[in-house]
Each structure stands twice: as structure tokens, then as C-alpha cells.
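A quick write-up on the structure given underneath.
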Amino acid sequence: MFRPLTIALATTLSLLSVAAVAADRSPEARLAKAIAGRTEGEPVRCIRLRDIRSTQVIDKTAIVYTVGSTVYVNTPSGAAFLRSDSILVTDTHSSELCDIDTVKLLDSGTRTLMGSVGLSKFVPYTKPKNSTPGQ
């Protein structure tokens with residue numbers, strides 16, 4: 001009698017842990033992790049290309065650009081085409097990446113064009129400054 005109950009409980013716990021892992025990998029969870037502990041600022045139209053240190057694609061959601069200690073989130077039009085394994089190709093005509101620019105998306109395996117997205121304004125997220133040293 002206890003054995004079927006034990007098996008059922010073990011199965012339920014296993015399924016719950018799989019669901020928790022899947023939730024951690026969801027686009028929403030990945031974006032939340034990227035901006036965790038940061039404060040949202042006023043959107044800006046452009047960021048300087050030379051200052052971008054890393055780029056992270058959040059599936060079907062956003063492109064996250066790291067500039068120094070600031071994280072900029074861009075939720076482009078056509079975001080449904082975004083995949084974390086996409087290669088981003090930008091063709092800019094200035095030293096900045098702006099909300100009027102288009103980003104082409106290439107498949108990382110075949111290098112074929114998968115689509116493109118139109119950038120929107122860049123929303124900065126910064127870590128709050130400590131008002132008291134040592135905190």
C-alpha cells in the first residue's frame with residue numbers, strides 16, 4: 001500500500017523539479033535574471049557601438065546589451081524571430097546603434113538569413129548606488 005504512494009510522490013516531485021528547471025529557462029526568467037537588482041531608467045534612442053561589451057538574445061523577447069555596468073534592454077519589432085543561438089548582423093552608418101536600425105538574424109549552423117528585427121528604444125537598467133560605504 002505504501003509503495004504505490006511512494007512511487008506516486010516520487011513521480012510528482014520529479015515532475016515539479018522538471019517544471020521548475022523549464023521555468024528557469026523561460027525567456028521571462030532569463031530576462032528577469034539579466035536585470036535582477038537593477039533600476040529601470042529612461043529609454044534612450046542610441047548606444048555607442050564601441051562601448052558594448054556583450055550581447056544576449058532572449059528568445060522571442062529582447063536583446064540585452066551590456067555597456068559598462070549598465071544593461072540596456074531592447075524589445076524590437078519582430079521579436080518573434082529572436083533565438084538565443086542567432087547571429088546578429090547590424091549595418092549601421094554611424095558609431096551608434098539606434099532605434100532606427102535593423103538587425104538581421106542568421107542561423108548559427110547554416111549562416112542563412114532567418115529574419116530581421118527593427119530596434120526600439122534602449123531601456124537602461126543600472127545597479128543602485130550605495131549611499132553608505134560598506135553596504
Examine region 58-76 for a residue that is closer than 14 Å to D107 by Cα, in contact with a strand residue (DSSP E or B) (Cβ under 8 Å, 6 or more places away or on another chain), touching a residue at least 12 places away in the same chain (Cβ under 8 Å) and assigned to a loop (DSSP other than H, G, I, E, B), and state whether such a residue exists. no
Tally up the residues in region 32-44 that are assigned to a loop (DSSP other than H, G, I, E, B) and surrounded by 13 or more Cβ atoms within 10 Å (Cβ to Cβ), please. 3
Look at D101 and say whether it is over 20 Å from R25 (Cβ atoms), over 18 Å from the mean Cα position of the chain (by Cα) and surrounded by 14 or more Cβ atoms within 10 Å (Cβ to Cβ). yes
Condition test on K121, is it touching a strand residue (DSSP E or B) at 6+ places or on another chain (Cβ under 9 Å), at pLDDT 95 or above, farther than 27 Å from G37 by Cβ and among the basic types (K, R)? no
Identity of the residue in region 72-91, among the β-branched types (V, I, T) and under 10 Å from the mean Cα position of the chain (by Cα), that ends up surrounded by the most Cβ atoms within 10 Å (Cβ to Cβ): V73
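One line per residue, one yes/no per condition, for (1) of a type in the set (K, R); (2) modelled with pLDDT of 95 or more; (3) in a helix (DSSP H, G or I):
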{"position": "R3", "(1), (2), (3)": "yes, no, yes"}
{"position": "A23", "(1), (2), (3)": "no, no, yes"}
{"position": "R30", "(1), (2), (3)": "yes, yes, yes"}
{"position": "T92", "(1), (2), (3)": "no, no, no"}
{"position": "L105", "(1), (2), (3)": "no, yes, no"}
Only one of (1) more than 16 Å from K121 (Cα to Cα); (2) modelled with pLDDT of 95 or more; (3) more than 11 Å from the chain's Cα centre (by Cα) fails for D59. Which number is that? (3)
In region 48-64, how many are touching a helix residue (DSSP H, G or I) at 6+ places or on another chain (Cβ under 9 Å) and not basic (K, R)? 7
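The values are calculated or read from the model by the stated rules, or taken from the named source; none is laboratory data. Bear in mind that the values here come from a model prediction, so they are computed numbers and not experimental data. For neighbour counting, all protein chains shown are included, and Cβ atoms are generated from backbone atoms with ideal geometry for every residue, glycine included.
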